[in-house]
Amino acid sequence: SLSMTSLPGQGTNFNIRLPFTLAITQALVVRAGDEVFALPLPTVEGVTRLTRKQVDRVMASADAVFDYGEHSYRMRHLGPLVEGAHGRLPEDENAAVSVILIRAGQHSTALLVDEMLASREIVVKAVGPQISSITGVSGATILGDGRVVLILDMPSLVRQQQPIATTRERVDDV
């Protein structure tokens, strides 16, 4: 909040009050289906790109494990992890697919996303009790274009492997 007082001949006093719980972090903004999400960069170990053919080969194996460097990652699409956000991989088998590497102990995941939109600094906003109880959601942010985007708690989400409701469905429920 901002308040201002002015006295003639004495000057103007500006009072600015900021919340103590304001948190700013770097995040990777991604799209899965029609939904946009923010992944805090501290949870992201790396980013790579594979062809659709390489992704299909990994996903066709029984355990869907992707080896990168000295680590193995269970490959999953972000869409099914966030219920209602149906991911779409490109039709062309030579098209590039973005893969985000998330390290969460023995639950490390190679996360497929439809599109990586940007890496940016975001302000973390607390969410109300209706949303804060959902596994895998750590907060929300407002993008420059006015869209509200959920900030995902990726280690928790990949450990639980349970879908969460989409932004659109939560707004309809409230």
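Going by what's in this entry, would V36 be described as touching a Ser or Thr at 6+ places or on another chain (Cβ under 8 Å) and part of a strand (DSSP E or B)?
Answer is no for this residue.
Would you confirm whether any residue within the range 52-69 is of a type outside the set (D, E) and on the phi > 0 side of the Ramachandran plot?
Filtering the range 52-69 down to residues of a type outside the set (D, E) leaves 52-55, 57-62, 64-66, 68-69.
From what is left, the residues that are on the phi > 0 side of the Ramachandran plot are 64, 69.
Within the range 52-69 (the criterion being of a type outside the set (D, E) and on the phi > 0 side of the Ramachandran plot), the answer is yes, since at least one residue qualifies.
Residues that are surrounded by 18 or more Cβ atoms within 10 Å (Cβ to Cβ) and charged (D, E, K, R): does the range 83-103 have at least one?
No, the range 83-103 contains no residue that is surrounded by 18 or more Cβ atoms within 10 Å (Cβ to Cβ) and charged (D, E, K, R).
Looking for whichever is surrounded by 16 or more Cβ atoms within 10 Å (Cβ to Cβ) and in contact with a strand residue (DSSP E or B) (Cβ under 8 Å, 6 or more places away or on another chain) here; the options are L111, L157, L143. Which one fits? Break it down into steps so the answer makes sense when it comes.
Working: L157 fails: in contact with a strand residue (DSSP E or B) (Cβ under 8 Å, 6 or more places away or on another chain); L143 fails: surrounded by 16 or more Cβ atoms within 10 Å (Cβ to Cβ).
Step by step, each of L111, L157, L143 is checked, and only L111 is surrounded by 16 or more Cβ atoms within 10 Å (Cβ to Cβ) and in contact with a strand residue (DSSP E or B) (Cβ under 8 Å, 6 or more places away or on another chain).
So which of T25, T43, T12, T51 ends up being touching a residue at least 40 places away in the same chain (Cβ under 8 Å), among the β-branched types (V, I, T) and more than 30 Å from G139 (Cβ to Cβ)?
On the way: T25 fails: more than 30 Å from G139 (Cβ to Cβ); T43 fails: more than 30 Å from G139 (Cβ to Cβ); T12 fails: touching a residue at least 40 places away in the same chain (Cβ under 8 Å).
Step by step, each of T25, T43, T12, T51 is checked, and only T51 is touching a residue at least 40 places away in the same chain (Cβ under 8 Å), among the β-branched types (V, I, T) and more than 30 Å from G139 (Cβ to Cβ).
The conditions are (1) open to solvent by 90 Å² or more (accessible area, probe 1.4 Å); (2) basic (K, R); (3) over 29 Å from G146 (Cα atoms), and R52 fails exactly one of them. Which is it?
So the condition that R52 fails would be (1).
Listed residues S3, S72; which is modelled with pLDDT under 90, of a type in the set (G, A, S) and loosely packed, with under 13 Cβ neighbours inside 10 Å? Give the derivation first.
Numbers: S72 fails: loosely packed, with under 13 Cβ neighbours inside 10 Å.
Just one listed residue meets the conditions, S3.
Quick test of your reading of the structure: V127 fulfils all but one of (1) touching a Ser or Thr at 6+ places or on another chain (Cβ under 9 Å); (2) open to solvent by less than 10 Å² (accessible area, probe 1.4 Å). Name the failing condition by number.
Here V127 meets the rest and fails (2).
Give me the pairs, please: first residue somewhere in the range 96-121 and more than 12 Å from V47 (Cα to Cα), second residue anywhere and open to solvent by 10 Å² or more (accessible area, probe 1.4 Å) and part of a loop (DSSP other than H, G, I, E, B), beta-carbon distance under 7 Å, and either six or more positions apart or on two chains.
D114/G87; D114/R88
The values are calculated or read from the model by the stated rules, or taken from the named source; none is laboratory data. Remember, predicted model here, so these are calculated numbers, not experimental data. Cβ: placed from backbone, ideal geometry, glycine included. Neighbour counts: every protein chain shown. Accessible surface is based on the protein model in full, side chains and every heavy atom, while ligands, DNA and RNA are left aside. Shrake-Rupley method; radii C 1.70, N 1.55, O 1.52, S 1.80 Å.
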